[in-house]
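*Asks:* Take this structure first; my questions come after.
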Amino acid sequence: MSQMPQQAAPPKCPSCAEPVEPGDHFCGACGHDLSVVAAPQQDHPTLAMASPVQGDGVDWPAPEPPGSDSTSPAPHLPADLPGTDSGGKPLQPGEPAAPGVRFDRPAEPDEYPLQAPDPRAAAGPAAAAPDPAAGDPAQVCVACRAGRVDSDGYCENCGHAQPRERDHMERESGPVAAVSDRGLRHHRNEDAFAVGHTTLPDGTPAALAVVCDGVSSATRPDDASLAASRAAGDALLAALPRGTHPQQAMHEAIVAAGQAVDALAGEGAADREHAPHQNAPACTIVGAVVTDGLLVVGWVGDSRVYWVPADRGAPPARLTEDDSWAAQMVAAGLMSEAEAYADERAHAITGWLGADAYELEPHTASFKPDRPGVVVVCTDGLWNYAETAEEMSEIVPPDATERPLHSARVLVGHALDGGGHDNVTVAVLPFPAPSQGAGSA
């Protein structure tokens, strides 16, 4: 997810030196008995400091009627976002947050023995596991292509572990689609997402996507991202049909996600002080809601939302501002954007969901584009390979509004072609939200 200082690499098989995971009894590559291997070290603690608290008092902006004159989002530097914030005021450069970062991602080996399926070769969502009792053919090993996979998920021929359910995920919900992939270097997928569509009380269609990225240096980052994405998605699907303004609904959804991640901690602060190797589960979150005339985004952390107009002659835009060390340096005027993001500390995050986050400060913003386009919601596993709005616009397929699932696959494939150094999760939402689901693939 984000850069961090070098830390201990995962344990390796004493026979073949392939990486293994805590709790494994046999090596997935050679089948060596790991019962005599010492237990792996626990996760390292992270460094967290306070950040400012957003004030209360919300005057939610109302969406303009379709066809009204409005300004399309324009390209911007990190301190130059168009639109309105959760207080209804034009977005302006913010004061730099209090110093403090959370470092992420322990050092990992260059390659892991089994990579997730290539989304560009997938014809659709993964099929259900075969049922031998129903006459279905047995699952074939993805490594040797010959052995049968047993009930424990290992090949009976070569002993290779098979891809886990979260290694590669694809979902569609009406007009919105998302794809998540483990990437080529991580041993598991710590990203998660939620997509959905509904209608507002007046019958206006609305689509939503939430993407969460687990903090790798935290305990159970995959559980944190899954809990947060589910809580936020459920909150949005419950609030929007009741008539809650999308921007207020987004704020409440991020708060609900934070509470869900907090609940995973399972012990008090005093207990964590006596077990410093155990730190609270944590993740980042970013989401978007599109309706007939309004685009709302919300986030905490360094995952992003991009606006890409259907007319590629119009300017694209990045609609979120990272909670990161680099963004703080730029906002404070201490570095240029190029200098800050070239620094090894650039991706150290300064905002996240988790019990060890001092204050939860959801960021929300609303926009009123004057033309059709697509909204790209993604983790840094993608934007590390297409950082600027212009670069993102270049890799989004021209038919993204009609084929959101295909477009999400293409974007994930771009990250894998670039090296796949991180988990990659992408959601694509057409704007404005159509009354019926868009076609895909």
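The values are calculated or read from the model by the stated rules, or taken from the named source; none is laboratory data. Predicted, not measured: the structure shown is a model, and the values here were computed from it. Heads up, the Cβs are rebuilt from the backbone with ideal geometry, glycines too, and the neighbour counts pull from every protein chain shown. Note: areas computed on protein heavy atoms with side chains; ligands, DNA, RNA excluded. Shrake-Rupley method; radii C 1.70, N 1.55, O 1.52, S 1.80 Å.
*Asks:* Using the Cα atoms of segment 272-400 to build a convex hull, what is its mean projected area in square nanometres?
*Replies:* The directionally averaged projection comes out at 9.6 nm².
*Asks:* Whole-Hz ³J(HN,Hα) for each residue in segment 401-417, computed from phi via Karplus 6.51 cos²θ - 1.76 cosθ + 1.60 with θ = phi - 60°, x for glycine and proline: what do you get?
*Replies:* Couplings: 5, 8, 10, x, 5, 4, 5, 5, 5, 4, 5, 5, x, 4, 5, 5, 5 Hz.
*Asks:* Give the accessible area for Leu34 in Å² (nearest 10); use a 1.4 Å probe, count only protein heavy atoms, and leave out ligands, DNA and RNA.
*Replies:* Accessible surface of Leu34 is approximately 10 Å².
*Asks:* Send over the Kirkwood Rh of segment 201-246, from the inverse of the averaged 1/r over different Cα pairs, rounded to one decimal Å.
*Replies:* 12.1
*Asks:* Could you list the residues of segment 374-410 with an amide nitrogen less than 11 Å from a label point located 7 Å from the Cα of Arg312 in the Cα-to-C-beta direction?
*Replies:* 393-400, by backbone N distance to the label point.
*Asks:* Listed highest first by mean packing, meaning other Cβ atoms within 10 Å per residue, what order do 363-376, 191-204 come in?
*Replies:* Ranking, from highest mean packing down: 363-376, 191-204.
*Asks:* For the pair Glu344 and His187, how long in nm is the line joining their label points, each one 7 Å along Cα→Cβ?
*Replies:* 2.3
*Asks:* Any chance you could run the full-extension gain for Arg164 through Glu21? It's 0.36 nm times the residue separation minus the Cα-Cα distance, nm to one decimal.
*Replies:* 50.2 nm
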